[in-house]
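Q: Following this message is one structure expressed as structure tokens.
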Amino acid sequence: MDKKIRVGILFGGKSAEHEVSLQSAKNIVDAIDKNKYEVILIGIDKQGQWYLSEASRFLLHAENPKLIALNKSNENVALVPKEKENQLVSLSNHRSVGPIDVVFPVLHGPYGEDGTIQGLLKLFNIPFVGASVLGSAIGMDKDVMKRLFRDADIPTSKFLVFNRSSLKEIDFDEVKKSLGIPFFIKPANLGSSVGINKVKNQEQFKPAIEDAFKYDNKILVEEFIKGREIECSVLGNESPIVSVPGEIIPQHEFYSYQAKYIDEKGALLEIPAKLPWHIIDRIQQLAIKAFKALCCEGMARVDFFLKENEEVLVNELNTIPGFTKISMYPKLWEASGIPYTELIERLIQLALERFERENKLKISYEL
């Protein structure tokens with residue numbers, strides 16, 4: 001029997017999307033092929049401490065998304081710059097936990113999806129699933145993302161960007177004149193609809209700005225697009241493939257955090273979306289174009305708006321999409337013929353292929 005590949009699943013993290021990450025990790029652990037992979041669970045708390053977790057008790061209140069939490073009674077560990085066999089070490093007795101062949105980061109938001117952990121893993125020469133440093137950083141910053149979309153002739157909504165230093169200059173009437181009413185205010189570097197508010201009048205304006213600045217030092221103000229919310233999943237490295245599109249029909253005012261992760265009836269998911277073939281083709285082509293424009297690898301979920309006049313706009317791209325029970329990324333692939341367990345398998349293999357390719361590059365110059 002072939003030796004099992006040791007997969008380190010990194011989850012939790014210093015992010016407002018911490019609890020979403022816990023839900024995603026649980027679903028990946030449940031679905032991964034245990035005959036082929038040995039799972040090493042590494043939970044990161046909100047202070048940045050790493051814990052080596054046992055599969056039987058790595059979460060508290062695992063079935064309740066409102067109460068789910070990381071079990072911090074497990075062993076503290078750290079990555080250290082040693083040879084592969086001794087890179088993951090216990091902090092209590094300095095024992096080696098053994099090698100990690102590949103890491104699957106299931107870290108949503110800052111410090112996990114923004115290139116931070118990807119840079120650390122590259123320094124330690126450990127293969128990892130998903131976009132590398134550049135693609136992750138671009139995909140996390142909605143301001144930079146939308147500017148690259150614009151430069152690549154990828155249609156996207158109108159937006160304004162404000163830094164904390166320009167807080168006093170943010171004027172409701174100027175925003176209204178530029179974007180119309182209503183509009184959305186959101187942190188530039190966060191996902192899962194955290195810190196997002198729909199603003200319909202001047203009374204809602206200042207509280208929405210203050211809420212967004214709780215999570216980031218840069219905020220985005222976007223025009224409201226009246227249209228259907230369509231999502232598409234992308235999988236691959238140099239030659240990515242795309243799933244059937246799916247539609248989100250929010251039962252809340254918009255596709256909020258509550259609707260995404262807490263309330264299972266918060267949105268209706270129509271998979272595949274009921275769309276004419278020419279629109280499906282347009283969406284799938286734009287998904288691939290967006291994936292390549294942002295230098296992505298491995299996986300991404302691309303979110304769209306479809307207007308009544310059939311205009312398609314790319315809203316954003318997510319480099320570590322959710323893997324919860326109600327997440328679109330795995331559901332779309334299942335509808336496209338790739339079940340959950342096979343999807344995890346493909347993502348791991350894509351990570352190993354990229355690592356092998358990158359290791360063939362020269363690291364010294366010979367005269």
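Q: Quick check on packing: order 356-365, 13-22 by the mean number of other C-beta atoms within 10 Å, highest mean leading.
A: Ranking, from highest mean packing down: 13-22, 356-365.
Q: Determine which lysines satisfy two conditions relative to K274: a Cα distance under 19 Å, and not lying fewer than 8 residues away in the same chain.
A: Reachable lysines: K226, K307, K331.
Q: For the cross-link pairs K168/K198; K198/K218; K122/K218, which exceed 22 Å when the distance is taken from alpha carbon to alpha carbon?
A: From K168/K198; K198/K218; K122/K218, over 22 Å: K122/K218.
Q: What FRET efficiency would be calculated for the residue pair E334, F172, taking the C-beta separation as r and a Förster radius of 45 Å, to the nearest 0.05?
A: E(calc), rounded to 0.05, equals 0.55.
Q: Give a residue-ordered list of calculated ³J(HN,Hα) values for segment 40-53 (Karplus: 6.51 cos²θ - 1.76 cosθ + 1.60, θ = phi - 60°; whole Hz; x for Gly, Pro).
A: 10, 8, 10, x, 10, 7, 6, 9, x, 6, 9, 10, 7, 10
Q: Using Cβ counts within 10 Å as a stand-in for footprinting exposure, how do M145, M299 rank, fewest first?
A: Fewest-to-most ranking of M145, M299: M145, M299.
Q: Report the Cα-based extents of segment 119-261 along its three principal axes, largest first, to the nearest Å.
A: For segment 119-261, the Cα extents along the three principal axes come out at 49, 35, 32 Å.
Q: Now for a separate question. Estimate the FRET efficiency between E342 and K4 by the formula 1/(1 + (r/R0)^6), using the beta-carbon distance for r and 22 Å for R0, to the nearest 0.05.
A: 0.80
Q: Ok, one more. Could you line up I32, I170 from fewest to most neighbouring Cβ atoms inside 10 Å? Please list the in-between numbers first.
A: On the way: I32 20, I170 16.
So the ranking, lowest neighbour count to highest, is I170, I32.
Q: Let me know the Kirkwood hydrodynamic radius for segment 159-223, please, with Cα pairs as the basis and the value in Å to one decimal.
A: With all distinct Cα pairs of segment 159-223 included, I get 11.4 Å.
Q: HN-Hα J couplings of segment 80-90 from phi, Karplus 6.51/-1.76/1.60, θ = phi - 60°, integer Hz, Gly and Pro as x?
A: 10, x, 10, 5, 3, 5, 10, 6, 9, 10, 6
Q: Moving on to the next point. Considering all alpha-carbon pairs of segment 5-128, what whole percent are spaced by more than 22 angstrom? Before the final figure, lay out the partial values.
A: Details: 2207 of 7626 pairs.
The proportion of pairs with Cα distances above 22 Å equals 29 percent.
Q: Determine the dipole magnitude for segment 1-99: charges of +1 sit on the beta-carbon of Lys and Arg, -1 on that of Asp and Glu, nothing else is charged, the reference point is the Cα centre, and the result goes in debye to the nearest 20.
A: 120
Q: With no solvent and one point per C-alpha, what does the Debye sum give as log10 I(q)/I(0) for segment 112-184 at q = 0.20, 0.21, 0.22, 0.23 Å⁻¹?
A: Cα-only, vacuum Debye calculation for segment 112-184: -0.92, -0.96, -0.99, -1.02.
Q: On to the next question. Cβ neighbours within 10 Å, averaged per peptide: list 195-204, 325-334 in order, most packed at the top.
A: Top of the packing list down: 325-334, 195-204.
Q: Further question: Can you give the charge dipole size of segment 104-207 about its Cα centre, rounded to the nearest 20 debye, using +1 on the beta carbon of Lys and Arg and -1 on the beta carbon of Asp and Glu?
A: Values: 14 positive and 11 negative charges, 42 e Å.
Here segment 104-207 has a charge dipole of around 200 debye.
Q: Another question, if that's okay. Assigning unit charges at the beta carbon (Lys, Arg +1; Asp, Glu -1) and nothing else, what dipole magnitude in debye, to the nearest 20, does the chain show about its Cα centre?
A: So the magnitude is around 440 debye.
Q: Taking H placed 1.01 Å from N in the peptide plane, check which residues at least 5 places from S336 or on another chain put their amide H under 5 Å from its amide H.
A: The answer is V244.
The numbers here are math on the coordinates, done by the rules we state, and not lab data. The structure displayed is predicted, hence computed values, not measured ones. Every residue, glycine as well, gets a Cβ built from its backbone with ideal geometry; the counts of neighbours run over all protein chains shown.
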